[in-house]
Structure formats: structure tokens, C-alpha cells
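See below for the structure under consideration.
The values are calculated or read from the model by the stated rules, or taken from the named source; none is laboratory data. Model, not experiment: these values are computed from the prediction. All Cβ positions, glycine included, derive from the backbone under ideal geometry; neighbour counts span all protein chains shown. Ligands, DNA and RNA are excluded from the accessible area calculation, which covers all protein heavy atoms including side chains. Shrake-Rupley method; radii C 1.70, N 1.55, O 1.52, S 1.80 Å.
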Amino acid sequence: MAINVYFVRHGQTYLNLYHRMQGWSDSPLTEKGLADAARAGQSLAKVDFDYAFSSDLKRTMETAHELLANHPGKLTDATPDPAWREEFFGYFEGLNSDATSYTVSREFRTFEEMIANYGVEATRNKIAAADPFEQAEDDDAFWKRLAPGFETLRQLPDGSNVLVVSHGMTIRSIGSRLGGAEYTAQPQNGALAKLILDQDGAHFAFYNQLQVPE
């Protein structure tokens, strides 16, 4: 069995532009965000998709629609699936990301510094532990939500090419768990990653690329 999964991070949104925590909260794509999605579709032109899935949040669904409109394949829209949503940041949704990092860690002044020092999984647990409403996802809750998405992928026919439009922390969390430290960089808006699912498990063919490597 080999299933080729092409993950794409959604295009830039206004909350991305303003450096805000954007988990289950949402904001529209900017003009650059629409261009990110269109470029991703054109970059994937040689891949004939059999299936397309997306997080059910508006920014990913909009990205998927724009991506497929700029792709020569037969698919026109993606199936929404909450399994591919972004991490839920609870109380910290919508707040400045760097200020959130200092609030959570009392040490690191940027989100990227916090991840570099704690790792993706521990960062998620620290955010959950710091949420006064106790609603942010910890690592266990996050992966329980993602599991059905991977079960769906594993059930697809051998040789399928699959598009999954998702989010930055979700994609880098998959990278951390299935690829290791080499695959934990924050994906750029509209960036591509290819994950191959086979009988031996899963491995990345590429990660955080704006074009499909030759």
C-alpha cells in the first residue's frame, strides 16, 4: 500500500498578517492569501488528485476552493473534515502570538523560540495548562481529534493521490510525530508537504516547499 498525501497550509489570513493566535477562530484570506492558494494549485498541476479533504474552517475551505480552481484536475472542491483543523488555543485565541508565548513560558518572547526550546508537543501542553478556562487542546486531545482523519486516508485505494488543506501547527505537528525534528519548521502560507503512507508506516518525500521538487 502507498497513499500519497499532499498537505497544503492555507493562504495568508488577516490574523496571520497581524501575528495573532489563530486556531479555531477564523479570518478571511488576504489578497496574498488568495495568491498563495492559486500558486499552490498551479504548483501541484502535475499531480492528478483522486480525493481532496480540508479542515472545515473557512480559511482552509476557501484555500481549497481557490487551489482547485487553479488546478487542471477533475476535482472542484474538498470534503470538509474537522480532523484537519488547527490546534485549539482556547483563551489565547486571537491574542498576539509573541505576547502569548511570554505569558505561557515566562521566558521566551516569540512563539518560535518557545517551540525551539520546548518542542511542538510540550508547547501545546504548556498552552493548555496555562489556559484559565481549561479549553485549549493538550497533545492527547489534539491527536485524538486527528486520528479519524488518518484512518480515512488509510482506507483509500492503493496508489491514491490525496490533497489535504490544513494549518501550520497541525502540519508541523504531523511533521514532528512522523518525520522528527527535521520536519517541525512552521510551513509558509500555501506551502506544500508530501507524506507517503505505506505498509511500513509513513515518511515525508518533502516538506515546506512552495513548488513540487523535481
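Table for the structure above
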{"read-out": "Wholly enclosed helices (runs of 4 or more DSSP H) of segment 8-101 bearing at least 1 residues open to solvent by 10 Å² or more (accessible area, probe 1.4 Å) and closer than 28 Å to Phe133 by Cβ", "value": "14-17, 58-69"}
{"read-out": "Pairs with Cβ under 6 Å, 6+ apart, first in segment 28-57 and within 13 Å of Gly11 (Cα to Cα) and without any contact (Cβ under 8 Å) to a residue 12 or more places away in the chain, second buried (at least 17 other Cβ atoms within 10 Å of the Cβ) and β-branched (Val, Ile, Thr)", "value": "none"}
{"read-out": "Enumeration of residues in segment 6-21 that are in contact with a helix residue (DSSP H, G or I) (Cβ under 8 Å, 6 or more places away or on another chain) and either β-branched (Val, Ile, Thr) or closer than 12 Å to Leu163 by Cβ (or both)", "value": "Phe7, Val8, Thr13"}
